[in-house]
1. Determine which single condition Gln477 fails, assuming it passes every other condition in (1) surrounded by 13 or more Cβ atoms within 10 Å (Cβ to Cβ); (2) outside the structural domain of Ala105 (by TED's automatic domain parsing).
2. Farther than 30 Å from Met231 by Cα and among the acidic types (Asp, Glu): is that true of Glu436 in this structure?
3. Would you point out which residue out of Leu441, Leu447, Leu460 is surrounded by fewer than 21 Cβ atoms within 10 Å (Cβ to Cβ), under 30 Å from His115 (Cβ atoms) and touching a residue at least 40 places away in the same chain (Cβ under 8 Å)?
4. With respect to the numbered conditions (1) at pLDDT 75 or above; (2) in contact with a Lys or Arg (Cβ under 7 Å, 6 or more places away or on another chain); (3) surrounded by fewer than 20 Cβ atoms within 10 Å (Cβ to Cβ), which one is the sole condition not fulfilled by Leu247?
5. Filter the stretch 55-68 down to the residues that are of a type in the set (A, V, I, L, M, F, W, C) and without any contact (Cβ under 8 Å) to a residue 60 or more places away in the chain, then identify the one that is farthest from His181 (Cα to Cα).
6. Can you pull out the residues in the stretch 88-137 that are surrounded by 22 or more Cβ atoms within 10 Å (Cβ to Cβ) and of a type in the set (Ser, Thr, Tyr)?
7. Tell me whether the stretch 215-237 contains one or more residues that are modelled with pLDDT under 90 and either of a type in the set (A, V, I, L, M, F, W, C) or part of a loop (DSSP other than H, G, I, E, B) (or both).
8. Taking the stretch 583-599 as the search range and keeping residues that are out of contact with any strand residue (DSSP E or B) (no Cβ under 7 Å at 6 or more places or on another chain) and touching a residue at least 12 places away in the same chain (Cβ under 8 Å), which one is surrounded by the most Cβ atoms within 10 Å (Cβ to Cβ)?
Amino acid sequence: MGILDLHGSWKPSREFLLEHMKLPRCKPLKLESFPRGLDGARIDVWLGDPLNRAIEELVQASLAKRMQMLQIAGAHAVGSTDISKSFRESYGEAALAVAQRARAAMRREIYQLFHLAVVKQILLTLDHQLSTWADESEGTLDLGGVPGRNAGSRVEQLRQFRRYQQRLRFLVAHDVLGIMHSLDRVARKRRKSILAMSWPVAEEILFNPLLQLGTLDCEENFLELYPLVLMDADRFRRMDQVLLSELSEWLPDCCAGAPPPLDPEELKSLPLRQDKGELAGYAQVEAFLRQVISAKEYQEGRGSWLDHPRNLVRLFGGEQKGGGSGPWRHPRWAAFQEELIERVERGLEQRGLLEPLLASMRLRKIYPDLGRRGSPRLLLDYLLGFRSRHEVIGALDRLEEIANLPAYQSHLARARKELRQAPPLKRRRWLIQGLEGYARLRRDLKLAWEAYRAMDCFRLLDSSEDLELSRANGLLQDFSPGSEEAEKVCCHVIIKADLRGSTELIAGMNRTGINPATYFSRNLFAPVNTLLKTYGAEKVFLEGDAVILVILDHAGQAGAAVARACGLAHELISLVSKRNRENRRRGLPELELGVGVAYEEAAPTYLFDEGRKITISPAIHRADRLSSSNLPRDFLSALQQEKPDGWGVEVVMLEDSANPVSKGSELRRYNVNGVELDAAAFAHLKQEVAMKTVPAEKVGGYRGDCYHLGRFPDKSGKTRWLVLREAGIRHWNGKKLFTREGTGAARFYEVVTAPELAKKIRHLLVAKA
């Protein structure tokens, strides 16, 4: 339970003390799993129009209300309706939807991101409205307006606003976040039932007073929350050293050691850095922390019982004795406690901190009674005897904001006398209150830095162009109503169709009086649009002799994207074949088509040019190469012997002897009314479709080649047949076409488009089954 030192006095062991201390329960913020957004550095977040509007309306109403309370002229009138109703409805709906999404995905960090994004949106909206109000007031003055009394009143209005701007910021942030806090507390049981925890982001982080302060240089706001003496980083550091020195044997190692000294110029420039996010408080909090606490403690998120401020109160005797099983039950606890608080008191007095701390606690008590008028630092100096009555009255008189200066002076004098003549028990009570304020500020600084750092990891998009681009590229974390996690694209297939002979066909139409625009629209474009719906494809690119299509596969959906791409490609070949029969009847040139299908196991990237979406994918280049047909003419006669109808795909390696120009081996393609797949597409197709296989020689093909048969559903659910050929790359030596034997020989894959061959293979495999 305890140990004895060399002098025989008792003190508790670390285990005994920790048994009776409350430890912080802050969960780590895990936002690193989200993809970086458009800027490559931060996460893109969108809360949705309903919630953003509700936040804006609530902040605007709260700001007007506080301006009226502070008697700042020019404030908007506040209606009698419930100003928080819209926010409560929008926030409640969004929070429930995000919690359910996080549970379905088994990722609590989704709710963490949402929670932090709402807080950041509130703070940014408030800062924007304050800045807008000030800019509009200054703009009115710059324009001149109506001379005379009106101009003077506008100057006074702006002066009042500037005087209370930081106070307004704190009060409105406190009001709005207070509403959010109350809603979260009401919903915490429901949140726990969904996410198995009440607070994915700790209350002390979300509703940290330092986030509401914004900046650390407003004495009035700081005094309301913490001892004013600790506003000075040097005094805080000296007080921290006293406490850590006395409590070191009961604290973890992360609390030991002082921060390294900082270069004055570096320290001076830190709050001015522009890379510390959109919230100015981030840099100020970091600058303060770097002066007072070791980086290991706050940057690594290490906590201790010192981060629970009430622990210091219990340790030093602020709690009432009796009741429960607290540490005071030990017979020697009272003596230890008295000795410990006396050592702390002596340490503070030796460093000149004791009286300023006590005076800060008294000033915090009486400042509201003084009407919150006068500089708190000036009043603190007066209570400590550093300023004379004459100096203080002169400074207050110049402010011209104290209606009854004699009464004000009398109240201040009584407080100074009470501070000097206070009995030891009262001074001890003030001291313990001051120590609790120190611990609260210490904790809030670390958690505010963690909150600012997390909020700096994401940005709230506000332009429609950025939203569209981020959403199209699968980067946007969308918390708007109706957004679904399952809509994310996990892979895609590109279909490139190379249309040949269109120039000759159009020339023939013009000679015979046929309108090419009408012909292509009715006979090609309209049927293709119908096929896109049937197979779930989208247009990427369209011009006179080429079309690029894409089929997207979404997470959690068995979309058979490659199979549908093959089916669509086959339909394109059939469509062109049908048009060719009509062209022959009319005496017009025929069209020729080559199709390439390439698979990419990732979402495509999108760019936007004046609202037009541009798809970027490495599969486009591969599909373009597969759709080409570039064999030399002397090869075609040999190929015609194998393909009497001329349909299909061959991939041929031209050997040195057949390639006198480049004098080297070169890979060429023949793709006429055929469809070739890349290896990745074929590998994925085998996962999508159960296929039966037959050796090619059974239907008169090459030895070593084979045919595959399978069925797949289109977007409407209709089952369709698919026949594929898997073949080795041919070699051409200038005289004959042959295939190299061996298991390592390169292969290619095509969809069988020749109607008779496809029918023959289908009947063979079905009969075999």
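1. (2)
2. no
3. Numbers: Leu441 fails: surrounded by fewer than 21 Cβ atoms within 10 Å (Cβ to Cβ); Leu447 fails: surrounded by fewer than 21 Cβ atoms within 10 Å (Cβ to Cβ).
Criteria check complete, one pass: Leu460.
4. Against the list (1) at pLDDT 75 or above; (2) in contact with a Lys or Arg (Cβ under 7 Å, 6 or more places away or on another chain); (3) surrounded by fewer than 20 Cβ atoms within 10 Å (Cβ to Cβ), Leu247 comes up short only on (2).
5. Filtering the stretch 55-68 down to residues of a type in the set (A, V, I, L, M, F, W, C) leaves 55, 58-59, 61, 63-64, 67.
This time we only want the ones that are without any contact (Cβ under 8 Å) to a residue 60 or more places away in the chain, so: 61, 64.
Values: Ala61: 18, Ala64: 21 Å.
Taking the candidates together, the pick is Ala64.
6. Once the filter is applied, which keeps residues that are surrounded by 22 or more Cβ atoms within 10 Å (Cβ to Cβ) and of a type in the set (Ser, Thr, Tyr), the stretch 88-137 yields Ser90, Tyr91, Tyr111.
7. Of all residues in the stretch 215-237, those modelled with pLDDT under 90 come to 215, 217.
Of the ones still in play, those that are also either of a type in the set (A, V, I, L, M, F, W, C) or part of a loop (DSSP other than H, G, I, E, B) (or both) are 215, 217.
Yes - at least one qualifying residue is present in the stretch 215-237.
8. Restricting to residues being out of contact with any strand residue (DSSP E or B) (no Cβ under 7 Å at 6 or more places or on another chain) and touching a residue at least 12 places away in the same chain (Cβ under 8 Å), the top hit is Leu588.
The values are calculated or read from the model by the stated rules, or taken from the named source; none is laboratory data. Small disclaimer: the values here were computed from a predicted structure and weren't measured. Please note: Cβ atoms are built from the backbone with ideal geometry, for glycine as well, and neighbour counts cover all protein chains shown.
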